[in-house]
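Worksheet: one structure, shown below.
Just so it is clear, none of the values below were taken in a lab; they were calculated from the coordinates. Just so we're clear, the structure is a prediction, and the values are computed from it rather than from any experiment. Cβ atoms come from the backbone with ideal geometry, glycine included; neighbour counts cover every protein chain shown.
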Amino acid sequence: MADGSVGENTWSSEGDQLIIKTNATMPDGKKLAATNIITRNGPDAITWQSRDRTLDGKALPDVTEIKMKRVPK
């Protein structure tokens with residue numbers, strides 16, 4: 001990345017969900033891990049959530065689920 005961080009993601013799917021396991025090293029050398037979940041909620045909507053987050057092994061709070069909906073043309 002442009003800021004000097006380096007990461008790796010492993011993607012898998014379960015039903016209507018994409019599960020992205022992330023491990024990264026930040027520019028300051030700290031280790032970040034998280035599980036990001038994208039869920040399809042119909043043809044025009046998804047939700048995204050980041051949970052099981054840690055920074056250098058210390059737990060971080062989950063990110064509140066974000067809902068996104070396609071704007072009709």
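Brief remarks on what is shown
- Rel. contact order, % - alpha carbon contacts under 8 angstrom, at least six apart, the chain: 21 percent
- In summary, the lysines within cross-link reach of residue 30, defined as a Cα separation below 27 angstrom excluding same-chain residues under 8 places away, comprise 21, 58.
- The stretch between residue 67 and residue 18 holds 16.2 nm of extra length on full extension. This uses 0.36 nm per residue minus the Cα-Cα distance.
- Solution diffusion estimate, µm²/s, Stokes-Einstein, the range 6-56, Kirkwood Rh from C-alpha pairs, 10 °C, viscosity 1.306 mPa s: 134 µm²/s
- Förster-model FRET efficiency, 22 Å R0, residue 5 and residue 59, C-beta, rounded to 0.05: 0.65
- Of the residues 42, 27, 71, the one whose Cα sits farthest towards the positive end of the charge dipole of the range 14-73 is 71 (charges of +1 on Lys and Arg Cβ, -1 on Asp and Glu Cβ, taken about the Cα centre).
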